[in-house]
1. What helices (runs of 4 or more DSSP H) completely inside the range 207-310 contain at least 2 residues that are touching a Lys or Arg at 6+ places or on another chain (Cβ under 8 Å) and buried (at least 17 other Cβ atoms within 10 Å of the Cβ)?
2. Has the range 35-58 got at least one residue that is surrounded by fewer than 24 Cβ atoms within 10 Å (Cβ to Cβ), at pLDDT below 95 and away from ligand 2 (no atom under 15 Å from the Cβ)?
3. Given the structure, is Ala195 in contact with a Pro (Cβ under 8 Å, 6 or more places away or on another chain) and modelled with pLDDT of 95 or more?
4. Is it the case that the range 175-192 has a residue that's crowded, with 23+ Cβ neighbours inside 10 Å, within 22 Å of Pro10 (Cα to Cα) and of a type in the set (Phe, Trp, Tyr)?
5. If you go through the range 159-168, how many residues are within 16 Å of ligand 2 (Cβ to nearest atom) and not in a helix (DSSP H, G or I)?
6. Residues that are within 15 Å of ligand 1 (Cβ to nearest atom) and over 15 Å from Phe168 (Cβ atoms): list the helices (runs of 4 or more DSSP H) wholly contained in the range 1-86 that include at least 1 such residues.
7. Pairs only if they're at least six apart or on different chains, beta carbon under 7 angstrom, first in the range 288-299 and on the phi < 0 side of the Ramachandran plot, second part of a strand (DSSP E or B) and of a type in the set (Ser, Thr, Tyr); list them, first residue then second.
8. Show the residue pairs meeting these rules: Cβ distance below 9 Å; 6+ apart or different chains; first residue within the range 169-192 and assigned to a loop (DSSP other than H, G, I, E, B); second residue polar (S, T, N, Q).
Amino acid sequence: RTPLLIDTDPGVDDALAILMAHAHAEVVALTIAAGNVGLAHTVRNACTLVDLLSARTPVHAGCPLPLVRAPLEDAAFVHGQDGLGDVGFPEPASRPADETAALALIQLTRQRPGELTLVALAPLTNLALAVRLDPELPSRVRRLVVMGGAVTGHGNTGTVPAEFNVGFDPEAAHVVFEAFTHFTLVDWEATLRHAFDEDAFDGWVARGDERARFFDRIFAAARAYNRRSGRRGIIAADALAMAVAIDPAIVTRRASRHVAVELDGRLTRGATVVDWDGRLGRPANAEIVLEVDQARFAALVQRALGVPGA
Ligand code: BDR
Ligand code: CA
C-alpha cells in the first residue's frame, strides 16, 4: 500500500478523498490547512473522519491564515459553515496531535526519506512553511500530487482565473511550485471533465456501507449548490487528485509544462500560468493531468464507499 501524507482542509471532497486513502493506501498522517472553512472546523472535521473510520491516523493542525494576505473568501458557500455540510455531527473523540503541520511534514519525511507520496488537497500554506524551514524537504518526498489551479484560466473562486486552493494563498503556491522541480497537478478544469453521473452515484450510495451514508449526508448541500450554479454531475476535485495519488497508472493523458502563480494582477491574482509553448524557457515543473480512466476512478470511489462487488 502506498504510504500517503495528506495535507487537507475538509471539506466534503476532501472527506471523500480521505475515505479513498484509508481504503486503498497507508495514511501516515493528515496535516490540516485552513481553506474551505476556518482551521478549527477543518481540524475538527478531520477528527470526525478518523472517528468514522475507526482509524488511528494522526491529525496535525496547521497554519490558520495564508502566508501574506487575508483570503478573498472561504468556501463555506459550497461546503457548509462547518465544512461538512452542516449536518451537526457531535464533538469527535479523536484529538489532534501536538506537533504543528509544517513540523510534522518535515519530521515524517525525515523518518521515511524517499518513501512518502505527499497529497496536497488544500491551500499550500503548510507545505510552503515546511519547505521554507527545510529546503531539503522536496528531495525526501517520493512524489507530490497537488489539487490546484485552473490550467487554461477557468477558475472557481476569488479572481476569475483562480482556483480555490491556489487563490486562497497564492504566495504559498508560488513557494511550493518553485521548490519542487517535479509535481503532479490535478486542476479544477480536469475535475469538471471527470464528474460522475448523478444517478450512477446515487446507486453506489444506496448499496454502500456507513461510509456511503456519511458521504451522502455531508454532500447534500454542496450538491444543491452545484445544481444552482448550473453544474451537472458529482464533482469532487480532491477525490480525483487522490485517485491519481493512489493509482498513478490511472492517468491516460498528461502534459509536462512549467507552471507559475500570478501574485499581483488586479484581475488575475491567484491564477496558474501554464507555459504551454515553452516561451519562458524554464524546465517543466508540473505534470498536468488531462485525463484519467474514469472507470478506474469510479471503482476507487465505490470501494471507498463500501459498495459490494466494486
Ligand atoms: C478545491 O477547493 C476546495 O473547495 C476543494 O476542497 C478542493 O480542494 C477545488 O477548487
Ligand atoms: Ca480541499
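The values are calculated or read from the model by the stated rules, or taken from the named source; none is laboratory data. In this text, all values refer to a predicted model and were calculated from it rather than measured experimentally. Backbone-built Cβ (ideal geometry, glycine too); neighbour counts: all protein chains shown.
1. By residue number, 237-246.
2. no
3. No, not satisfied.
4. Checked the range 175-192: at least one residue is crowded, with 23+ Cβ neighbours inside 10 Å, within 22 Å of Pro10 (Cα to Cα) and of a type in the set (Phe, Trp, Tyr).
5. Matching residues across the range 159-168 total 2.
6. Fully inside the range 1-86 and qualifying: 12-24, 39-52.
7. Matching pairs, first to second residue: Val289/Thr184; Glu291/Thr252; Val292/Thr252; Asp293/Thr252.
8. Asp169/Thr125; Phe180/Asn285; Thr181/Asn285; His182/Ser256; His182/Asn285; Asp187/Thr152; Asp187/Thr272
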